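Here's the structure we're looking at; comments come further down.
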Amino acid sequence: MSDIPPYSPLRFEIDHSQLAVVYGEDAVVQVRVVGGELESPVQCLVRDREQGRTESLACYSEGTQSFAKKFENTRQPVEFAFTCGRARSDWFQLDVLLQPRVASASVKISSPEYTGMAMESFSLDSNEIRAAAGSIVELVLHSNRPLGGGLLEVRSKDTDGNEQTTEVSGELVGHSSVCFSWTAQESSDLVAHIHDVRFTKAASPFAISLNVKKDEVPTISVNSPQSLLLATPKSKVPFELRVEDDFGIKSVKLQRTLLGFRDRGKLIAEGQFGKSYHYENQLDLAQLGVEAEQTLEFYFEAQDHHPNKLGIGVSDLVKVVVISEEEYAERIRMKTQLEEFTIRYQALAHAMKQARNAIGQLHEAIDSGDPDSIKSALEQAKKHLAESKELANKIGDDFEAFAMEKRLRDVASALGKQADEALKQLNQFGEGSSPAEMSKGLDELGSGFKKIEKKVAQVRQDAEKVKQLGEVMKQSAEFMRIYKAQESLAERTQLMAKEIAMGEMTNAGNLANLGRLQQKNRQALAEMKRELLKHAGNLDDEFAQMAADVQQFIELLDRLDIDNAMKAAETAAEKGQSIDAAANSILALSLMEQLLQQKNSFCSMCKSRAPRFTLPQDVAMTMQQMLEALMCQSQRGQGNGNSGGAGGGGGGSGSDGYSVMGNSLSIPMYGPDRAIFSPQQFMSAHGGAGGKGALGTDGVKETNRIEIEQASQQSQAGPESENVPDRYKDAVKRYFVND
């Protein structure tokens, strides 16, 4: 029954390791014939049992005794044997191996507990896996063949950029799946090799990438306040911040420091807050017991839930320089414009007129005897008196920046009380009240308002006087600005002339630029002269001496012919004549100094001394305060501030590298409330029909924060030349200006 080869001394030696081939590939089987001489060619027999057919194929020689046969594109098992004459080998079978491949893949990620993320399982439909650092990743590969195992290569890079590979052995899950499990620490490339139970490897490895998200420290964005601010000892500073974390926030702390002392922490939030936390609150400096000239530092710390790392984020530092209320008022004055000075007084006059009109119109309705008119007028009177009371109380509670505003507040408070009494009286009027009783009550109210009206008129009249003189003061400040500019020009032109005389021509190209600056200063002097004459001509008779002193100042200005000296310096600079330019620039400066030496009230104002008139003490003090503010505004080029804004102060300096006293106009300031009034709203207070309600959305704006107006944008890069020290002006000009 068995197929036994005939006897022969020849022996056919087959390499059994070659008896398997991957499906579709080529296979070469080799034989070595030993035991005797080969008298016939060696051939390969291939038989097909199903069809009962055997085919003889030629072999090719690889030596005297070695032969081989190649089977191409093998797709099914082959039975073969070798023959040489009558001698034949046993029958062997060339097996076809079916190669495994990855049919699908699934992933299970167990994130660390600190992330708060639940375990997730999903089918892999992309070439990337995302996981948090420290997660246990299980990658399961499902094959079309029964698997015998697999190996996963985790390829990552260390901190030096060198590649390192970690091997993970697979664990069989069922008959056709293998699972790789490891802890993800770094982003890696994953390469998986699988083989079936017959150790047939997949045609190519399964490759994907692992993106590991590491736990970042929380980020803190402080929206308010700015990094540097000024505040009075009793002010409230608003803090607003947002904390973000990639996995979750555990706690938020506020760290407080008085400069020179250790930090003190205050826990403001603790628990589970998710990935973001918003904090908004006010810090009451009065509760901290701070004093003027102290510097406070604040910053926030946020911690996440990571157990092993120092996951603490720190915000930017907020530095608070504590200033006195006197300095706070000084800074407000430096920002207040002349046009804004009288708005509060106009508002008070408006409130006064509104109250008087309310009483007067109700009186007229009572005199008419018409019940409907009386009822309507009574309601309107209550409405207007309530508005008048609200506005008067707002002014009475306002922070006073000028000395006169103390009297303004007192009068406003009295008006508020009188309006309140009037409201109570009107509320007592009913249907049973007789016209005679109502008329008598209104006469008493009118008498009370009349007394206050005189005080309102007086304080407003005094404010108009201050504003009138303020226009002249403004020109004295402008003259001093021109004088300081000329002083700088003379020094720089003289220095350049010395350099050129010594043969140093590095800065010679800037001489023409100095000429243009000289022209600008000359034009400013001419404009100041025109404005001064105009405003001096508008002065009342009681300021006749001031008008005369201004006229004397203008006449001497014309006699000294300062304009001609400036013109000569300008022309010489344009022609490159440095010595003449310096001489005429110095001459113009000396003539201005001579002008300032005159003994009259306008020259005194140029030296920051307000004129003395027979005025109330608070008016005289307000004039001095206004003059100082105008001088400071002029020196810093500040002439276009917003109503009610706080200004950059003068003098003093901060510590720790911060100069806070007037060097930066963008520093916010916190202090007592100071309302912002709209000028158009109270125009009716000057006369004519009464205006609308006392307070509206454009009326008083109550706020704890007074923003300093940003410096105006320049037409070219670089700082204002007035703000640059003289010794550096040429260097700064060369850097910022393409001459």
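Across region 152-164, rounded Karplus estimates of 3J(HN,Hα) from the backbone phi angles (6.51 cos²θ - 1.76 cosθ + 1.60, θ = phi - 60°) give 10, 9, 9, 9, 9, 10, 7, 5, 8, x, 7, 7, 9 Hz, Gly and Pro being marked x.
Dipole size of the chain about its Cα centre, with +1 on Lys/Arg Cβ and -1 on Asp/Glu Cβ: approximately 1320 debye, rounded to the nearest 20.
For LYS575, a cut-off of 23 angstrom between C-alpha atoms picks up these lysines, skipping any fewer than 8 places away in its own chain: LYS498, LYS520, LYS567, LYS729, LYS733.
Between MET473, PRO41, PHE298, the Cα set farthest toward the positive side of the dipole of the chain (charges on each charged residue's Cβ, about the Cα centre) is that of MET473.
Applying a threshold of 18 Å to the alpha-carbon distances of LYS353/LYS382; LYS389/LYS467; LYS353/LYS389; LYS383/LYS454; LYS389/LYS417 flags LYS389/LYS467; LYS383/LYS454 as lying beyond it.
Using only the alpha-carbon atoms, how far is helix 578-596 inclined from the longest principal axis of the chain? Give it as 0 to 90 degrees, nearest 10. Roughly 50 degrees, rounded to the nearest 10. Note on region 1-117: with charges restricted to the Cβ of Lys and Arg (+1) and Asp and Glu (-1), its dipole about the Cα centre is near 140 debye.
Of (1) 0.98; (2) 1.30; (3) 1.79, which is the value of Cα Rg over 2.2 N^0.38 Å derived from the coordinates here? Answer by label: (3). Centroid-to-centroid, using Cα positions, region 192-255 and region 155-179 are 26 Å apart.
Taking a ≥ b ≥ c as the square roots of the eigenvalues of the Cα gyration tensor, an a/c ratio of 1.5 or more together with a/b larger than b/c marks region 442-487 as prolate.
Calculated FRET efficiency, THR257 to GLN164, Cβ-Cβ distance, R0 = 51 Å: about 0.70 to the nearest 0.05.
Loop sites only, by DSSP: take the chymotrypsin sites (Phe, Trp or Tyr not before Pro) in the chain that have at most 16 other C-beta atoms within 10 Å and name the longest stretch containing none of them. Excluding the exposed sites themselves, the longest stretch runs over 262-612. Over region 219-322, the pair-distance histogram of Cα-Cα distances with 10 Å bins from zero comes to 15, 47, 27, 10, 1 percent, rounded to whole numbers.
Candidates SER169, VAL154, SER110 compared by Cα position along the dipole of region 102-213: farthest toward the positive end lies SER169, with charges placed on Cβ. The dipole here belongs to region 344-460: it is taken about the Cα centre, uses +1 on the Cβ of Lys and Arg and -1 on the Cβ of Asp and Glu, and is about 620 debye. Could you list the residues of region 220-261 with an amide nitrogen less than 17 Å from a label point located 7 Å from the Cα of LYS275 in the Cα-to-C-beta direction? Within reach of a label on LYS275, which here means backbone N under 17 Å from a point 7 Å along Cα→Cβ, region 220-261 contributes 220-221, 242-250. For a straight C-alpha distance cut-off of 16 angstrom, the lysines reachable from LYS157 (same-chain residues fewer than eight places away being disregarded) are LYS213, LYS214. Here LYS70 is the anchor, and the aspartates and glutamates within straight C-alpha reach of less than 13 Å, apart from those fewer than 8 places off in the same chain, are GLU25, ASP26, GLU62.
What residues qualify as long-range amide H neighbours of ARG101, i.e. H under 5 Å apart, gap of 5 or more or another chain, H built at 1.01 Å from N? Close amide H contacts, sequence-distant or interchain: ASN144, ARG145. A dipole drawn for the chain from +1 and -1 charges on Cβ atoms has a positive end, and of GLY576, THR83, TYR277 the residue lying farthest that way is GLY576. Each residue of region 203-217 is assigned a 3J(HN,Hα), and the resulting list reads 4, 8, x, 8, 10, 9, 10, 10, 9, 9, 9, 7, 6, 8, 6 Hz, derived from the Karplus form 6.51 cos²θ - 1.76 cosθ + 1.60 (θ = phi - 60°), x at Gly and Pro. The Cα atoms of region 102-213 give a gyration tensor whose axes a ≥ b ≥ c have a/c of 1.5 or more with a/b no greater than b/c, which makes the shape oblate.
Laboratory data are not the source of any read-out in this text; all were calculated from the coordinates shown. The shown structure was predicted, so the numbers you read here are calculated from the model rather than taken from an experiment. We place every Cβ from the backbone using ideal geometry, glycine too, and count neighbours over all the protein chains shown.
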